[in-house]
Every structure is written in structure tokens, then in C-alpha cells.
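The values are calculated or read from the model by the stated rules, or taken from the named source; none is laboratory data. Quick caveat: nothing in here was measured; it's all calculated off a predicted structure. Cβ: placed from backbone, ideal geometry, glycine included. Neighbour counts: every protein chain shown. The protein model used for the area step is the full one, side chains on, heavy atoms only, and it has no ligands, DNA or RNA in it. Shrake-Rupley method; radii C 1.70, N 1.55, O 1.52, S 1.80 Å.
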Amino acid sequence: MRIQLQQTMQRHRGLFTTDHRTIGIRYLLLSLLAVAIGTVLSIFMRIHIVSPDLKLPLFGQIPPEGYLALVTMHGTLMVFFVLTTAPVNGFASLILPSQIGAQRMALPLLNAASFWLTSLSLTVLLAAFFVPGGAPISGWTNYPPLSAIAAAGPGQATGMDLWLVSIGIFCFASILSAVNMLTTIVSKRCEGMTLLRMPLTVWSWLVTGVLILFAFSILFAAVALLLSDRHLATGFFVPTGEVINGLLLDRANSHANGSPMLWLNLFWFFGHPEVYIAVLPSMGLTSSLLANFTRRPVFGYRFMVATTLLIGVFGLLVWGHHMFVSGMNPYAGTAFSLMTMAIAIPSSGKVLGWLAMLLRGRDSRVHPMPTPMLFTFGFLSFFIAGGLTGPILAQPILDAYLHNTYFVVAHFHLIMAMAGAFSLFAAVYYWFPLMTGRLMHETLGKWHFWLSLIGAYATFFPMHFAGLAGQPRHYAQLIGSTSTFLSSLLPLQTGITHSALFLASAQLLFLANLAWSARRGKPAGSNPWRATTLEWASDLTQCRVVRGPYEYNFQSNLSDFVMQCAAEPEQE
């Protein structure tokens, strides 16, 4: 398999190649660039909170509006170009065709076009730093009317336009990618690859593709309407009678009586499915890796498929819980609260299934706790820790106090950012042999895991206490605050900043491991993890699937696993 992949890569190294493996790797490198920039921005944010007078490289002394620009760009980079691009576009392009026995994506030109549009989108977004006024300051959610009026503040003119154009391009690219992904799953499965023989990663990408079609189509429409408000004198989101930066908004200055609530509904109809767009591929990977490294079949395969489908359906119905404090009808708030608690049922079912797989034991012949397994445990840990605060925020009466505080920051960074990041690390360590033919360094990988786990909890868990104390999430500084209770939180925020620096530094180990292993890592062999799924098969040209994706045979003296392919050798 390694030789086959290397030969394929050598034939498809052209700039505009349509080879799915090359495109997948390029997506991952694009995400690596985005996460590097986003991490630097977050470090600048943390330093500014505790030392607002400090002059930072490239930015100098950051004013409050500069801090808000950092918040906006950090959130946008991480949500769109890391947590969406890497698990969906990157690993789906790299792995999905092989896992269903296909030679290529169904629509390779569409796949290539999606990558280049995503690259263009990132370029347009980063250009906002260099235009007059700088990057937008209204947060990654960009609520109107602040985002609709160019005079609302620095960055709300050209910088805001660039943000909207960037996200519009990203939406279009994501829709193209989803169409390609769904078409591939439906039409390119090899002989014998029925729906109930697909790996759970493929099921996750299938549901994620459907969510992308719904969510990003709505966000694309919302972006188009907001651009129309800004430049075509429409009034979808801008109410009359508001005063923005000294400007009275009325029909005399070409604004109809719109409502910011329309943007909130459109944006969060995208925003909450986006959580599952980022996390569902992680869930599928967790099931697959736990099966592989415990040497046990997935506990309740059909149950896991059903929970994936339920999460996809419920994920489209809970957007209103982000709007409890917006003045919505209390009956609507109750309905969204109940639906939010309902989505915890299939999510909890997955967690119980994973724990059952762990309790059923582990074969001693497996490598002693390899790095991908450690990061899978990390994902499980963060998913549980972050998920426990979800039902708290699902209660309108509690959310009224905690909304827009650091409690919310802690919640979504644990369940989305850290859980998603640890799953991405697990995927990189696990599938690295398919990209390079080599294994990543195990000792460096283990150090990377433990330091990252400690740093992540030390950074984000204390934010719960800041939120419970009532600290708003977008305040630029605590020093000099007229509020005594905010000034008293400075030691806590200082500790969080030190932990964030520690967490960011730990990622240098990953980069070093990545660079060293790509050239000097241990040769992986054809199937280093003794996996059963088809991406590890030596030849897919005549593949015929005769069994499920997680079959293990302990009666055989030759091997403890059976590949899905009929004629695939079982030896390492």
C-alpha cells in the first residue's frame, strides 16, 4: 500500500492536480497554516488581557478595538479553516475513497476547485489585516447592526467586507466539497460495500455532508443579505431608530426597518450544526480507533450508526438555544431547551458505547498504548468534560446569567476546540503512514499528548470560574477596570495566560515530530496498525467486500484480524 501511494503521489504532484490524496494533504497543510496563525492571535489576546500596555510584535500596543479584531480573526480561522477544513475536507479527501474501495473521488475536478476556493477564502480573510481600518471587530458571529454599518468602528468598512466575501467563498467551496463527498459515498462504493458495511468514519462524513448542504447554504444566503444591506441600501438586518457611532439609522439614510434577529436565526441555524460538522468525523474516528486498538468489534455498530443519524437530525433543530437572551418567546425557549437536552441522548449513547468497548478488554499483542489511542482518550475526555456543561447552558434561566461570559468560552473550547484538535492529532498519528510511508516518533508523540492534555485543562477549565464570577468574554482588559470584581479576577486570568503559553509551546513538539518523521521516521510497512478497513489494503483494483469493517478473529494462529476485502492477506 505504501509503494502504491508513493507512486500515485509522484504522478500527481502538479499544481492543479485532481488526485484526492494530494488534495487531502494540501487541505491539511492549509489548516496547519490557519491554526498556526490562529494560535499566535490567541496568545496575543491572552497577553493583552493581563498586560494591556505591552507592545506586541507586528501589532505594537493593542487598543481595545484591536483586541476585538484579534478575537474576530482567531474565531474565524479556528472554526472555518481548522475545525471544518481539516476533518471534513482534508481527511475525507485523503481517506474516504479508499475506505469504500474507490480509486478516486466521484467528482475530482469539483474536489480540486473546492480546495482552491478554500485557499482563496483564507487569503481574502487574512487580507483584512492589511486594509485601512484593519480587521473587523464585531466577533466571529458579526451581529448586526454593528456589522452592517461601516461607520460602526475600526475594521467595519473594508475589513468587514473582506470577512463577508471570504466566508461567502468558503461556503460555496464547502458546498462543492459536500456534493463531491456525498456523490462519492453513494456512487463509488466497491462491490459488496453495502451501507451497513461502511466504516463509521464514512457514516460520519455522510451525515456531515448533509449538514454542510443545509448549514452553509443558509450562511451563504445570510452573508449575501448582509452585503446587500451594506452596499445596496436594503434593510434586512438594520432597524430604524438605532444610533450607531453617532449616526441615526432611518429611512432618510436608505435603511428600511430590518431586524438583527433575522441574522441571529440565520447565523445560528448554521452555527450549531457547525459544531457537529466539526465533531461528527471525530466521533467516527474514535469508534474506529477504539475498535482497532482494543481488538474488539464496535459495540453496537447499528446503534452507533443510528446515533450518528440522530445527532445530524437534532443538530438542525437546536439553534435557538444560542438566543435565549435575545427576547425570544418563552415557549420557543422551552422548546429549544428540551431539544437541546434531547440531543444529549444520542451523544451519551456514543460515550456509553465507547466505554463499553474499553471495558470489554484489550488484546496484549497490540502495541502498548500507541499515540493515536492516547489522543483518542483525550478526545473522549474533552467531549465528556465539555458535554457536562451543555445541559447547564440549555436552561434558559441559567443561560440568562452565563450567556456571553467565560463559562461559554470554556464550554465550547472543551467540547469543540480541544475535542476536535485531539481527534485531529489522533488522525494524523494514525494515518501518517498513508501520507509518507513512515510512522511518527512514539516517544515525542506521547510527550506531545501529555503536555497538551495538561495545558488544555489548565487553560480552559479555570474559565468556568471566571464565567461563574460574571466576567464578560469580550472585555479587552482587567487592569484599570472600574469594576472591583473584574480586577479581582486578574490572578486567575494571569494563570490562564501562562497555561495558554504552555499549551502553545507543547505544539512545537508536534511540528518537530512531523518534520522529523516525514524524512527519518520508522518505515511503517503495509498495515502497521493491523487494521481491517480498506485504506490499508494493498490493492483496491479488484476489491470485493465480504464482511463488516471491524472483524477480528482470535481463533486464527496467523492473525487476530480479518480485512474487509475477500482476497486480502491477513499477515502484517
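For Asn292, the conditions (1) touching a helix residue (DSSP H, G or I) at 6+ places or on another chain (Cβ under 7 Å); (2) open to solvent by less than 10 Å² (accessible area, probe 1.4 Å) are fulfilled apart from (1).
Of all the listed residues (Tyr430, Tyr457), the sole one being open to solvent by 50 Å² or more (accessible area, probe 1.4 Å) and either under 30 Å from Ala512 (Cα atoms) or touching a residue at least 60 places away in the same chain (Cβ under 8 Å) (or both) is Tyr457. Entry remark, region 260-297: residues being more than 27 Å from Pro549 (Cβ to Cβ) and touching a residue at least 60 places away in the same chain (Cβ under 8 Å) number 7 in total. Does Ala148 satisfy the condition of being in a helix (DSSP H, G or I), in contact (Cβ under 8 Å) with a residue 12 or more places away in the chain, at negative phi and touching a helix residue (DSSP H, G or I) at 6+ places or on another chain (Cβ under 9 Å)? Criteria not met by Ala148. I'd like to know if region 331-345 contains one or more residues that are touching a Ser or Thr at 6+ places or on another chain (Cβ under 6 Å) and within 30 Å of Tyr552 (Cβ to Cβ). No, region 331-345 has no match at all. Restricting Leu68, Leu15 to those that are out of contact with any helix residue (DSSP H, G or I) (no Cβ under 8 Å at 6 or more places or on another chain), surrounded by 19 or more Cβ atoms within 10 Å (Cβ to Cβ) and either farther than 18 Å from Ile137 by Cβ or not β-branched (Val, Ile, Thr) (or both) reduces the list to Leu68. The residue that is least open to solvent (accessible area, probe 1.4 Å), counting only those in region 497-515 that are closer than 18 Å to Leu29 by Cα and of a type in the set (S, T, N, Q), is Asn513. Scanning region 107-163 for residues that are open to solvent by 40 Å² or more (accessible area, probe 1.4 Å) and of a type in the set (Phe, Trp, Tyr) turns up Trp116, Phe129, Phe130, Trp140, Tyr143.
The residues listed here are Leu196, Leu206; of these, the one that is of a type outside the set (Lys, Arg) and either within 16 Å of Pro87 (Cβ to Cβ) or open to solvent by less than 60 Å² (accessible area, probe 1.4 Å) (or both) is Leu206.
Please tell me if Val305 is more than 29 Å from Ser147 (Cβ to Cβ), open to solvent by less than 40 Å² (accessible area, probe 1.4 Å) and not in a helix (DSSP H, G or I).
Numbers: more than 29 Å from Ser147 (Cβ to Cβ): yes; open to solvent by less than 40 Å² (accessible area, probe 1.4 Å): yes; not in a helix (DSSP H, G or I): no.
Against the criterion (more than 29 Å from Ser147 (Cβ to Cβ), open to solvent by less than 40 Å² (accessible area, probe 1.4 Å) and not in a helix (DSSP H, G or I)), Val305 does not qualify.
In this structure, is Thr184 within 28 Å of Trp319 (Cα to Cα), hydroxyl-bearing (Ser, Thr, Tyr) and either touching a helix residue (DSSP H, G or I) at 6+ places or on another chain (Cβ under 7 Å) or modelled with pLDDT of 95 or more (or both)? It is false that Thr184 is within 28 Å of Trp319 (Cα to Cα), hydroxyl-bearing (Ser, Thr, Tyr) and either touching a helix residue (DSSP H, G or I) at 6+ places or on another chain (Cβ under 7 Å) or modelled with pLDDT of 95 or more (or both).
Among the residues of region 527-551, the one identified as within 24 Å of Leu200 (Cβ to Cβ), open to solvent by 40 Å² or more (accessible area, probe 1.4 Å) and either of a type in the set (S, T, N, Q) or part of a helix (DSSP H, G or I) (or both) is Ser538. Give region 216-229 a look and list any residue that's more than 22 Å from Thr85 (Cβ to Cβ), surrounded by fewer than 21 Cβ atoms within 10 Å (Cβ to Cβ) and not aliphatic (A, V, I, L, M), or say none. Of everything in region 216-229, just one residue is more than 22 Å from Thr85 (Cβ to Cβ), surrounded by fewer than 21 Cβ atoms within 10 Å (Cβ to Cβ) and not aliphatic (A, V, I, L, M), namely Ser228.
The set of residues in region 164-193 that are open to solvent by 30 Å² or more (accessible area, probe 1.4 Å) and assigned to a loop (DSSP other than H, G, I, E, B) comprises Lys188, Arg189. Of all the residues in region 435-449, those that are in contact (Cβ under 8 Å) with a residue 24 or more places away in the chain and open to solvent by 20 Å² or more (accessible area, probe 1.4 Å) number 9. For Leu478, the stated conditions do not hold, so it cannot be described as modelled with pLDDT of 95 or more and either open to solvent by less than 40 Å² (accessible area, probe 1.4 Å) or under 28 Å from the mean Cα position of the chain (by Cα) (or both).
Please tell me if Phe81 is over 18 Å from Val179 (Cβ atoms) and open to solvent by less than 10 Å² (accessible area, probe 1.4 Å). Against the criterion (over 18 Å from Val179 (Cβ atoms) and open to solvent by less than 10 Å² (accessible area, probe 1.4 Å)), Phe81 qualifies. Considering region 36-54, and only residues there that are over 19 Å from Gln493 (Cα atoms) and either free of Cβ contacts under 8 Å to residues at least 60 places away in the same chain or not in a helix (DSSP H, G or I) (or both), the residue that is nearest to the chain's Cα centre (by Cα) turns out to be Gly38. The residues of region 97-106 that are of a type outside the set (A, V, I, L, M, F, W, C) and either open to solvent by less than 40 Å² (accessible area, probe 1.4 Å) or over 20 Å from Pro87 (Cα atoms) (or both), listed by number, are Pro97, Ser98, Gln99, Gly101, Gln103. Note on region 485-516: among residues that are of a type in the set (S, T, N, Q) and under 25 Å from the mean Cα position of the chain (by Cα), the one that is nearest to Pro433 (Cα to Cα) is Asn513.
Quick check on Phe407: is it farther than 30 Å from Tyr429 by Cβ and either under 25 Å from the mean Cα position of the chain (by Cα) or not small (Gly, Ala, Ser) (or both)? Judged against the criteria, Phe407 is a match.
Elements of the type helices (runs of 4 or more DSSP H) sitting completely within region 457-526 and holding at least 2 residues that are closer than 19 Å to Lys446 by Cα and of a type in the set (Ser, Thr, Tyr): these cover 490-520. Would you confirm whether any residue within region 136-144 is farther than 26 Å from Glu242 by Cβ and either within 18 Å of the chain's Cα centre (by Cα) or outside any loop (DSSP other than H, G, I, E, B) (or both)? Scanning region 136-144, I find no residue that is farther than 26 Å from Glu242 by Cβ and either within 18 Å of the chain's Cα centre (by Cα) or outside any loop (DSSP other than H, G, I, E, B) (or both), so the answer is no. Flag: Leu414 does not match the condition of being open to solvent by 10 Å² or more (accessible area, probe 1.4 Å), in contact (Cβ under 8 Å) with a residue 12 or more places away in the chain and aliphatic (A, V, I, L, M).
Against the test of being free of Cβ contacts under 8 Å to residues at least 40 places away in the same chain and open to solvent by less than 40 Å² (accessible area, probe 1.4 Å), the options Gly315, Gly333, Gly235, Gly300 yield a single qualifying residue, Gly235.
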